[in-house]
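The values are calculated or read from the model by the stated rules, or taken from the named source; none is laboratory data. All of these numbers come straight from a predicted model, not from anything done at the bench. Please note: Cβ atoms are built from the backbone with ideal geometry, for glycine as well, and neighbour counts cover all protein chains shown.
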Amino acid sequence: MPYDPANSESRWQQAWDQAGTFVARRDERPKYYVLEMFPYPSGRIHMGHVRNYTMGDVVARYKRAQGFSILHPMGWDAFGMPAENAAMENGGHPRDWTYANIATMKQQMKPLGLAIDWTREFATCDDDYVAQQQALFLDMLDAGLIYRKAAVVNWDPVDMTVLANEQVIDGKGWRSGEPVERRELTQWFFRITDYADELLDALDGLDGWPEKVRLMQANWIGRSRGVQLRFDTVNAPDFPGIEVYTTRPDTLMGASFLSISADHPLAKSLESDPAIAAVAAEARRTGTSEEALEKAEKIGIDTGIRVRHPLDPSRELPVWIANFVLMDYGTGAVMGSPAHDQRDHDFAVKYGLPILAAFGERGATRAQADAAVAAQPFTPPKSEPVTYVRGFAGEGDQTGDQTGEAAVDAAIAHAEAQGYGEGVTRFRLRDWGISRQRYWGCPIPVLHCDTCGVVPEAKANLPVLLPLDVSFDVPGNPLDRHPTWRDATCPGCGGAARRETDTMDTFVDSSWYFARFTSPHATTPTDAADADYWMNVDQYIGGVEHAILHLLYSRFFARAMVRTGHLPAKASEPIAALFTQGMVTHEIYQTRDDRGRPVYHLPEEVSGGKLADGTAVEVIPSAKMSKSKKNVVDPVDIVTRFGADTARWFMLSDSPPERDVEWTASGAEAASKFLARVYRLAEETGAAPDAPDRNAPDRDDPDLTRAAHRAIDEVTRALDGFAFNKAIAKLYELANAVGRSQASGEPRRAVMRIVAQLMAPMVPHLAEDVWALSGGQGMAVDAPWPTADAAALVQDSVTLPIQINGKRRGEITVPAAMSPADVEQAVLADEAVQRFLNGQPPRKLIVVPGRIVNVVA
Ligand code: ANZ
Ligand code: ZN
């Protein structure tokens, strides 16, 4: 029988299903929870999914064989804009679109033979998940972790929704591509900043996480030590002082203006002036993300207000409104130190404001330092010593060489001593605004009552489900337009109330799904015993694009769930180890149309560098698979053509998993050929009744057996270290050794069973075939992971000549790695040597490792 993956893969999948092999069970075994980032149901799986789930599957199967009770679930991150967009574009309902996509993708995923417990599957748009998420929301509200406030938000004018800062790219909406505006809306916020210190400090303990991810999170949280400085106004009686926040108080002597946000109370008080109102309006159109602020053209206007310099009362500084100052960071006001800050420098140059150096290169005079910053700011690292050229009041011109760090400390101490400022610790991290003015999300379970104000919905009334009779023919939120959905009864006073029509950011859904998987059918968000047994996630695998938000939100949510009693204390860091996998790439095939514009072609349309009509294509080096460049292969096609095992094997074989892997047709073919060869080798071992070598005599080959045991050792270590490509390389070697070996009968079958076991995590279907053909009992998936025979691991031996009194008298064979002391013992025990020494200890015995032994009798 030739290797027939189509037939055998579905057969084994059925066998595993029937045996309930992958149903997660709480029992006496130690547990292992492996999770891949769950997919968005876009409608089709892509090769990136295949790579991600295959890696998780290898871990799940390997750990299972090692005796762990495995939780390896799958679900769907199912709320979000694309479903609404599809409804807007093609009619239909987001719910139908989503569930149809889930069904399709599940059907595409199943043939991959993943060791998933499908009994735990859920979608975040399921009524049940919505109900539990709303229950969690109410508990968090009750615990003071959620609040409402008016906030300036990024407003996408096309999608008509608020965007998180991260969803604003280059000042434009991540989906719509339209410039984002600033608007003030009352929004719901999660108090993630309550945990800022803890989320930062605990990163140190996450040693199962990539260093780069920890660093990205640390930067995102952005703890900085700074100072709040007070500038007294000269001509604004209603605003006697303006507080600014700065991390560089050592540049105070170089400050030449203040800039305030357009939303600063002082700025707002001046909006009766049309020129100021116009600039403020323009400033509000700049997005609120740091990136947007950095890229936007700097604009501002002098308010006419003046402040006194705290260190030099003879100096008056102008107060400007500037579009790069955020109202909800620091104090909404900044001191402009154009000599030492690029942004301030740009602004000062544009508006002709003075540029005064606070410090210069070591040894610089004030004049030299001022000259140096005229064209560009001087911004050395804070750790570098510089020369301060404008000393604090009364200190004269030079305060000598200091590092920026030391000078900042001194400046904070000075401000506190003189009473014009206080040191503060601030975070870049802001509270997480979760309100979205969209339909296809989890409704926020609160009501607005004219008598009671904002009232949480009663838990007994959960879930608050979305109405299904909605239309998407106009932009905006269909919930606002629905004739009756908003009408509700106030749980406080029993009067009429209106439902909140904002839904939750979909990042909320993905912030706790891993906890829900521990008990997906519980009537509370989690079940204590299940959560206690299964948490934490032992191995999480996903794309590095989620390194910041999803993972930070999840870490926050876990803490909130611990606080509200939904997770045990040990789960406050819910993810023990994280692996970020590389992408799947492919060459790009391009021709040009008659106007010279590029036209892309699918790999399947290209053969031998040509299209079917003979046109030569230009080959562009491999890049991430993307529909727009058509450099995609469809996993469904690959699996149909080669079988899942080939796809899995090739995906793992070519690159370390953290790197990108290039998909090539020739690579897939080579993988497929190799697997067919392993199948044939197994067939030839002769356990099957119709096998060619059925009656082959038992012939041992100790070298082959030793090679197999070495492979056990090396594959085990490779899998432990996520070096799947190395495990595969080893298995190629072992299969080749079997091919060369003269072993037959049971000794050969025993080695093939080891091959089956070692291959099983990567190519589980073929492994079952090989196992069965080689006389394995039961299914390979149930066989415990093999252990290497220690004797076989001993390094090759060496033979050392023994010289006694300068003459060669014999030789001794010892393991190559044996220590000289042990070799000495072995030499002394040697018969020939004993004969020579005649019971006397040698006068001298010298072992030259790997070379010779010298004995002086
Ligand atoms: C003067 C100065 C001089 C500054 C200098 C920097 C360099 P981090 O480290 O991220 O906390 N800043 C303060 N509040 C702001 C706001 N609401 N909008 C925009 N920018 C604001 O950054 C702190 C620095 O960011 C502060 O230090 C302030 O500029 C600016 F050579 O003050 B600095
Ligand atoms: Zn009421």
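Applying the set (1) over 14 Å from Thr664 (Cα atoms); (2) in contact (Cβ under 8 Å) with a residue 12 or more places away in the chain to Thr585 leaves exactly one unmet item: (1). When region 688-701 is filtered for residues that are touching a helix residue (DSSP H, G or I) at 6+ places or on another chain (Cβ under 7 Å), under 14 Å from Ala743 (Cα atoms) and either buried (at least 18 other Cβ atoms within 10 Å of the Cβ) or at pLDDT below 75 (or both), the ones remaining, listed by number, are Asp693, Asp701. Checked against the criterion of being under 20 Å from Arg51 (Cβ atoms) and at pLDDT 95 or above, region 750-759 has at least one qualifying residue. Scanning region 167-180 for residues that are in contact with a helix residue (DSSP H, G or I) (Cβ under 8 Å, 6 or more places away or on another chain), surrounded by fewer than 18 Cβ atoms within 10 Å (Cβ to Cβ) and either under 17 Å from Leu293 (Cα atoms) or without any contact (Cβ under 8 Å) to a residue 12 or more places away in the chain (or both) gives Ile169, Asp170, Trp174. May I ask you to list the residues in region 838-856 that are surrounded by 15 or more Cβ atoms within 10 Å (Cβ to Cβ) and either closer than 12 Å to Pro801 by Cβ or among the hydrophobic types (A, V, I, L, M, F, W, C) (or both)? Within region 838-856, Leu845, Val847, Val853, Asn854, Val855 qualify.
Sub-6 Å Cβ pairs linking a first residue in region 639-655 that is part of a helix (DSSP H, G or I) to a second residue that is of a type in the set (Asp, Glu), at least 6 apart or interchain, are Ala644/Glu9, ordered by first then second residue.
Restricting to region 497-515, name every residue that is over 19 Å from the mean Cα position of the chain (by Cα) and either without any contact (Cβ under 8 Å) to a residue 40 or more places away in the chain or not in a strand (DSSP E or B) (or both). Glu500, Thr501, Asp502, listed by residue number.
Taking each residue of region 433-458 that is closer than 23 Å to Pro157 by Cα and looking for partners that are modelled with pLDDT of 95 or more and within 16 Å of ligand 2 (Cβ to nearest atom) with beta-carbon atoms closer than 6 Å, six or more apart or interchain, yields Ile444/Glu500. Against the condition in a loop (DSSP other than H, G, I, E, B) and farther than 24 Å from Gly391 by Cβ, how does Thr303 come out, does it pass? No: the conditions fail for Thr303.
Residue-level check: of (1) free of Cβ contacts under 8 Å to residues at least 24 places away in the same chain; (2) in contact with a helix residue (DSSP H, G or I) (Cβ under 7 Å, 6 or more places away or on another chain); (3) closer than 21 Å to Asp703 by Cβ; (4) not basic (Lys, Arg), Ala767 misses just (3). Within region 520-554, the set of residues being surrounded by fewer than 21 Cβ atoms within 10 Å (Cβ to Cβ) and among the small types (Gly, Ala, Ser) comprises Ala522, Ala528, Ala529, Gly542, Gly543. Only residues that are outside any loop (DSSP other than H, G, I, E, B) and near ligand 1 (Cβ under 6 Å from one of its atoms) were counted across region 323-337, and they come to 2. Taken over region 417-464, the criterion of being within 16 Å of ligand 1 (Cβ to nearest atom) and assigned to a loop (DSSP other than H, G, I, E, B) is satisfied by Tyr420, Arg428, Leu429, Arg430, Asp431.
When region 823-857 is filtered for residues that are among the acidic types (Asp, Glu) and at pLDDT 90 or above, only Glu824 remains.
Filtering region 731-748 to residues that are part of a helix (DSSP H, G or I) and either among the small types (Gly, Ala, Ser) or buried (at least 22 other Cβ atoms within 10 Å of the Cβ) (or both) leaves Leu731, Leu734, Ala735, Ala737, Val738, Gly739, Gly745, Arg748. Comparison of Ile728, Ile754, Ile712 shows that the only residue that is in contact (Cβ under 8 Å) with a residue 24 or more places away in the chain and in contact with a His (Cβ under 9 Å, 6 or more places away or on another chain) is Ile754. Scanning region 246-290 for residues that are among the charged types (D, E, K, R) and either surrounded by 23 or more Cβ atoms within 10 Å (Cβ to Cβ) or assigned to a strand (DSSP E or B) (or both) gives a single hit, Asp250.
Within region 108-127, which residues are of a type outside the set (Phe, Trp, Tyr), part of a helix (DSSP H, G or I) and over 14 Å from Phe79 (Cα atoms)? Hits for region 108-127 are Gln108, Met109, Lys110, Pro111, Leu112, Thr119, Arg120. Does region 165-173 include one or more residues that are touching a Gly at 6+ places or on another chain (Cβ under 7 Å) and either within 16 Å of ligand 1 (Cβ to nearest atom) or outside any helix (DSSP H, G or I) (or both)? Checked region 165-173: at least one residue is touching a Gly at 6+ places or on another chain (Cβ under 7 Å) and either within 16 Å of ligand 1 (Cβ to nearest atom) or outside any helix (DSSP H, G or I) (or both).
Each residue in region 497-524 was checked for being away from ligand 2 (no atom under 16 Å from the Cβ) and closer than 22 Å to Thr161 by Cα, and 11 pass. Counting only residues that are crowded, with 16+ Cβ neighbours inside 10 Å, of a type in the set (Lys, Arg) and not in a strand (DSSP E or B), region 191-245 holds 2 of them. Restricting attention to region 477-496, the residues that are part of a loop (DSSP other than H, G, I, E, B), more than 16 Å from ligand 2 (Cβ to nearest atom) and closer than 24 Å to Gln133 by Cα total 4. Where strands (runs of 3 or more DSSP E) fall entirely within region 551-606, none has at least 2 residues that are among the small types (Gly, Ala, Ser) and over 30 Å from Leu141 (Cβ atoms).
For the structure I just gave you, tell me whether Asp645 is surrounded by fewer than 17 Cβ atoms within 10 Å (Cβ to Cβ) and acidic (Asp, Glu). No: the conditions fail for Asp645. Entry remark, region 328-377: residues being among the aliphatic types (A, V, I, L, M) and without any contact (Cβ under 8 Å) to a residue 60 or more places away in the chain number 9 in total.
Residues in region 445-462 that are in contact with a helix residue (DSSP H, G or I) (Cβ under 7 Å, 6 or more places away or on another chain) and away from ligand 2 (no atom under 14 Å from the Cβ): Pro445, Lys459, Leu462. For region 340-359, the candidate set comprises residues that are farther than 19 Å from Glu294 by Cβ and among the aliphatic types (A, V, I, L, M); within that set, the residue that is farthest from ligand 2 (Cβ to nearest atom) is Ala357.
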